1. Restricting attention to the range 118-144, report how many residues are outside any loop (DSSP other than H, G, I, E, B) and either modelled with pLDDT of 90 or more or loosely packed, with under 14 Cβ neighbours inside 10 Å (or both).
2. Evaluate the following for residue 113: is it buried (at least 17 other Cβ atoms within 10 Å of the Cβ), within 17 Å of the chain's Cα centre (by Cα), in contact (Cβ under 8 Å) with a residue 60 or more places away in the chain and in a helix (DSSP H, G or I)?
3. If you scan the range 90-110, which residues turn out to be crowded, with 19+ Cβ neighbours inside 10 Å and assigned to a strand (DSSP E or B)?
4. Got a number for residues in the range 42-79 being modelled with pLDDT under 90 and surrounded by 11 or more Cβ atoms within 10 Å (Cβ to Cβ)?
5. Does residue 127 satisfy the criteria of being without any contact (Cβ under 8 Å) to a residue 60 or more places away in the chain, out of contact with any strand residue (DSSP E or B) (no Cβ under 6 Å at 6 or more places or on another chain) and under 23 Å from residue 66 (Cβ atoms)?
6. Filter the range 92-117 for residues that are modelled with pLDDT of 90 or more, within 14 Å of residue 77 (Cβ to Cβ) and touching a helix residue (DSSP H, G or I) at 6+ places or on another chain (Cβ under 7 Å) and give the result.
7. Is it true that residue 169 is modelled with pLDDT of 90 or more, in a helix (DSSP H, G or I) and surrounded by fewer than 19 Cβ atoms within 10 Å (Cβ to Cβ)?
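The values are calculated or read from the model by the stated rules, or taken from the named source; none is laboratory data. As the structure is a prediction and not an experimental result, all values here were calculated from the model. Cβ placement follows ideal geometry from the backbone for every residue including glycine, while neighbour counts extend to all protein chains displayed.
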């Protein structure tokens with residue numbers, strides 16, 4: 001790998017992690033920017049390889065997209081739960097469903113299980129291989145619940161998996177470009 005490419009990866013990683021720090025810190029001062037860039041450079045250095053830092057930094061947009069999808073799902077689920085609570089005569093249909101995920105990595109499946117459990121009205125009680133056992137508070141139409149999980153949450157989590165980024169595959173022992 002050329003020095004220019006390594007330096008570029010180091011700079012992109014430093015700026016990306018520094019930007020994440022600034023977003024979390026919320027203080028846009030000269031000292032804050034300098035500290036954020038220091039934290040970013042330290043983060044990249046700690047990964048020990050700049051190509052790994054580049055692969056991680058390139059996933060930041062997918063993480064932001066996942067956060068947006070999750071916040072949207074959180075708001076929709078909260079409104080649905082509020083409707084159930086405020087309408088006592090509304091019939092709910094609690095349901096246990098087996099959900100078969102197409103995610104390739106264990107980490108991806110765990111993230112999906114956590115996101116489903118954090119969404120009001122659903123909880124994952126078991127994760128075994130690619131199968132999740134999910135309890136849904138109101139599943140009058142289980143196929144719609146499954147479609148929402150697959151089309152929104154699982155799809156957003158899948159963008160973080162190595163299969164979606166050749167740089168990550170390369171770092172994990174795939175072909176060298």
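1. Of the residues in that region, 16 qualify.
2. no
3. If the condition is that a residue be crowded, with 19+ Cβ neighbours inside 10 Å and assigned to a strand (DSSP E or B), then 99 is the only one that fits.
4. Residues in the range 42-79 being modelled with pLDDT under 90 and surrounded by 11 or more Cβ atoms within 10 Å (Cβ to Cβ): 21 in total.
5. yes
6. Within the range 92-117, 115, 116 meet the criteria.
7. In short, no.
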